[in-house]
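K.L.:
The structure follows.
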Amino acid sequence: MKTLRPHDLVWLADRRALEGVTEAWVEEIWHPGLPVVVRRDVNPNGRVPVGIRGLKREQRAAAWVAPEHVIRVVSPEELVDTQTLVRSPFITQPPVQVAFQLAQQRWPWVWGITGSSGYSLATGIPVLHATSDLDLLIRAPQPLAREVLLRWQQQISGALCRVDTQVNVPQGGFALSEWLRDGRVLLKTNRGPQLVSDPWFEGN
């Protein structure tokens, strides 16, 4: 099985695969036909940290999963194929229209769709609606040119809906708009947030 990364959607073999759940609504709503999303955390026993999405915005729960129970994985970047987007039942929704416009251009990085838009595209479940934000992810194992990131940010700032981009680096992930604006950023890591000026450099 490929290495699981934060924001990947994963499907599990059965309900018993979820460990450490305390929220009662999970038992009522969640079933193995629904994916969970990989989140940032560390488990000494090799468990994968995941998050569970409910039917309401406030229904979010954390859990752990043994890797052997994962039977399918969909990464954010798999959801930006132009044919997949244009054939989606959600193509009329502003977030998917914006993603489609971005997918028709060439960018010097791998990027993908996360959040409610990614969940709807991957499952066909309409958690996405006309006022939803579009959450995007840029993979950046190496430092990226600020000028090109600015061009991306300028394009999405005038989009049909609010767009938030997280940049994933080897040490964690950060909000692109915050870094471009402030020069320092809160880097989300597996061991908690860190305020850094260079997200690609561990010694900040």
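K.L.:
Counting only residues that are of a type in the set (A, V, I, L, M), give me the strands (runs of 3 or more DSSP E) lying completely in the range 137-197 with at least 2 of them. Spell out how you get there, then give the answer.
P.N.:
Values: elements: 163-169, 172-175, 185-189, 192-196.
Once the strands (runs of 3 or more DSSP E) in the range 137-197 are filtered for at least 2 residues that are of a type in the set (A, V, I, L, M), what remains is 163-169, 185-189, 192-196.
K.L.:
OK, next. Got a number for residues in the range 167-192 being out of contact with any Phe, Trp or Tyr (no Cβ under 6 Å at 6 or more places or on another chain), of a type outside the set (D, E, K, R) and closer than 20 Å to V42 by Cα?
P.N.:
10
K.L.:
Among the listed residues T84, T114, identify the single one that is more than 17 Å from P199 (Cβ to Cβ), touching a residue at least 24 places away in the same chain (Cβ under 8 Å) and either touching a Cys at 6+ places or on another chain (Cβ under 8 Å) or open to solvent by less than 30 Å² (accessible area, probe 1.4 Å) (or both).
P.N.:
Selected residue: T114, the only one of T84, T114 that is more than 17 Å from P199 (Cβ to Cβ), touching a residue at least 24 places away in the same chain (Cβ under 8 Å) and either touching a Cys at 6+ places or on another chain (Cβ under 8 Å) or open to solvent by less than 30 Å² (accessible area, probe 1.4 Å) (or both).
K.L.:
Quick check: is even one residue across the range 1-18 in a loop (DSSP other than H, G, I, E, B), without any contact (Cβ under 8 Å) to a residue 12 or more places away in the chain and hydroxyl-bearing (S, T, Y)?
P.N.:
From the range 1-18, those in a loop (DSSP other than H, G, I, E, B) are 1-8, 13-14, 18; that's our starting set.
Subset that is without any contact (Cβ under 8 Å) to a residue 12 or more places away in the chain: 3.
Adding the requirement that they be hydroxyl-bearing (S, T, Y) leaves 3.
The answer is yes, given that some residue of the range 1-18 is in a loop (DSSP other than H, G, I, E, B), without any contact (Cβ under 8 Å) to a residue 12 or more places away in the chain and hydroxyl-bearing (S, T, Y).
K.L.:
Also, I was wondering about something else. Against the definition (under 26 Å from K56 (Cβ atoms), part of a helix (DSSP H, G or I), modelled with pLDDT under 95 and open to solvent by less than 30 Å² (accessible area, probe 1.4 Å)), how does S132 come out, yes or no? Show your work before the answer.
P.N.:
Details: under 26 Å from K56 (Cβ atoms): yes; part of a helix (DSSP H, G or I): no; modelled with pLDDT under 95: yes; open to solvent by less than 30 Å² (accessible area, probe 1.4 Å): yes.
Against the criterion (under 26 Å from K56 (Cβ atoms), part of a helix (DSSP H, G or I), modelled with pLDDT under 95 and open to solvent by less than 30 Å² (accessible area, probe 1.4 Å)), S132 does not qualify.
K.L.:
Identify, from the list R162, R146, R184, the residue that is of a type in the set (D, E, K, R), open to solvent by 50 Å² or more (accessible area, probe 1.4 Å) and without any contact (Cβ under 8 Å) to a residue 24 or more places away in the chain.
P.N.:
R184
K.L.:
Can I ask one more? Can you find, within the range 96-110, the residue that is most open to solvent (accessible area, probe 1.4 Å) among those that are closer than 17 Å to E78 by Cβ and in contact (Cβ under 8 Å) with a residue 40 or more places away in the chain?
P.N.:
Result: W107.
K.L.:
Would you confirm, using the coordinates I've provided, whether R53 is within 21 Å of L136 (Cα to Cα), modelled with pLDDT under 95, in contact with a helix residue (DSSP H, G or I) (Cβ under 8 Å, 6 or more places away or on another chain) and basic (K, R)?
P.N.:
Criteria met by R53.
K.L.:
Right, V36: open to solvent by 20 Å² or more (accessible area, probe 1.4 Å), among the aliphatic types (A, V, I, L, M) and within 13 Å of P6 (Cβ to Cβ) or not?
P.N.:
Against the criterion (open to solvent by 20 Å² or more (accessible area, probe 1.4 Å), among the aliphatic types (A, V, I, L, M) and within 13 Å of P6 (Cβ to Cβ)), V36 does not qualify.
The values are calculated or read from the model by the stated rules, or taken from the named source; none is laboratory data. Please read these numbers as outputs of a predicted model, since none were measured by experiment. Glycine also receives a Cβ, built like all others from the backbone with ideal geometry; neighbour counts cover every protein chain displayed. The protein model used for the area step is the full one, side chains on, heavy atoms only, and it has no ligands, DNA or RNA in it. Shrake-Rupley method; radii C 1.70, N 1.55, O 1.52, S 1.80 Å.
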